[in-house]
Amino acid sequence: MSRNPATTSWWVRSVPGWHAAFGLFVVIAALVLLIGDDAHRLRAAVAVGVVALTYALLGPRAARVRDRRSRIYLAVLVVGLTVALTGAPTLSFLLFVAFPQTWFLTGSRREGTLWTVAVALAGLTGMTVGYGDSARTVDIAVSMLVSTAFTCVLGIWIWQVVSQSEERAALITELENTRVELAAAHHAAGVAAERARLAADIHDTLAQGFTGIVLLAQSAAATAPPGPTRAQLELIEGSARAGLAEARTLVAAMSPVDLEGTTLAEALRRLAERVSRESGVAVDVVVAEDLRGLSAGRQVVLLRAAQEALGNVRKHAGARRVQVRLVSADGTATLEVHDDGVGITEQDVVAATGFGLAGMRRRVEEAGGVFEVVGEPGGGTRLLVAVPAEVPA
């Protein structure tokens, strides 16, 4: 299992400590060579210098991104350690920093084990040749074997700890994302419930009140003699009918449209039929592509956008015909609502607030989509909503 350097914060935080430890061991090695009496101190000093220079050039980057730089440095370390120990076997303490580096600079447990064995062989070869005493070979071999076993066990244990830490970090991130999604879903559900409650209140209060006023005005006008009184009653009736139509428009715009057990295309057609029946505006619905790959959340966003757009057409456009076109292509679902009404200016779009265009824009942008309204006085209005088509899990 390879580590992800971006998420393994423990390793990243420990990098300065590893650099400091390496520098300390190099300084100690220089002092040992300076005051020692090894016959080939110069050769050992050159080897240690090459390893130190390679680490300075490649180590900082290799410690964070374990790639070919790590392998180049470790190869130089194995060769340099062999040469240094053949010239000055008293530098065997460098193995204490070499063994941990085989795990710190590698990307897998298998690779760490192989480089540990390579360092152990370098130590065995270098010290055997450096001491020139074959009787010590067995002792050196046993020492390298114990060091290799200890380093591998410790390295694998650290790997296990780091792997578990990464899994926990990934789980925490996933839980946090789920919490955010649930909060957004609860917020959306609360908004929908509030809209439904307001729609019911408007229907049960304002709409019923306007209906009563219309009936009373009609009854009074029927019995009133021709003249100013009847004219006033007819004016009251007309105003009440306008208020009733506005209340019905609000109820239709704020009432939820159920998608369960039906498709988005069918829901759009039902919405179009209701708007046509209640307002007299001809609404044509065209679904050009298969929308089965569109997630439920995106379908709700598109349906709400169509609902708001048709509600605005009923209230403000004065249109005779509206076309609702829904297509899905290249991973994007696009809804277009085009009417032949009075049109809308750019200032109207900028100044829009509340549950209308501004609310629709926020809902679309929260879904990662694009919202656009284009119109001109007398030339109708075109509303465009494009959202990415998520595939349900």
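Taking a probe of 1.4 Å, how large is the accessible area per residue of segment 55-163, in Å²?
46
How big is segment 18-70 by the Kirkwood estimate over distinct Cα pairs, in Å?
It is 12.1 Å.
Quickly rank 275-286, 122-133, 73-84 as a protection proxy: mean count of other C-beta atoms within 10 Å, highest first.
73-84, 122-133, 275-286
What spacing in nm lies between the two simple spin-label points modelled at ALA231 and ASP139, each 7 Å away from Cα in the Cβ direction?
12.7
Mind computing the radius of gyration and Dmax over the alpha-carbon atoms of segment 265-342? Å is fine for both.
12.4, 36
Between ARG241 and GLU365, take the C-beta separation as r, use R0 = 30 Å, and let me know the FRET efficiency to the nearest 0.05.
Calculated value: 0.20.
With every protein chain in place, what's the accessible area of GLU366 (1.4 Å probe, Å², nearest 10)?
150
Give me the Debye-computed log₁₀ of I(q)/I(0) at q = 0.16, 0.20, 0.33 Å⁻¹ for segment 143-188, equal point scatterers on Cα only, no solvent, two decimals.
Log-scaled intensity ratios, in q order: -0.59, -0.70, -0.99.
Which length gain, in nm to one decimal place, applies between ARG13 and PHE93 when the Cα-Cα distance is subtracted from 0.36 nm times their residue separation?
Roughly 26.3 nm would be gained on extension.
Kindly give the semi-axes, whole Å and largest first, of the ellipsoid equivalent to segment 94-163, taking each as the square root of 5 times a Cα gyration tensor eigenvalue.
Three semi-axes, in Å: 26, 11, 8.
The values are calculated or read from the model by the stated rules, or taken from the named source; none is laboratory data. Keep in mind the model is a prediction, meaning the values are calculated, not measured. So basically every Cβ, Gly included, is an ideal-geometry build from the backbone, and we count neighbours across all protein chains shown. Only protein heavy atoms, including side chains, enter the accessible area calculation; ligands, DNA and RNA are left aside. Shrake-Rupley method; radii C 1.70, N 1.55, O 1.52, S 1.80 Å.
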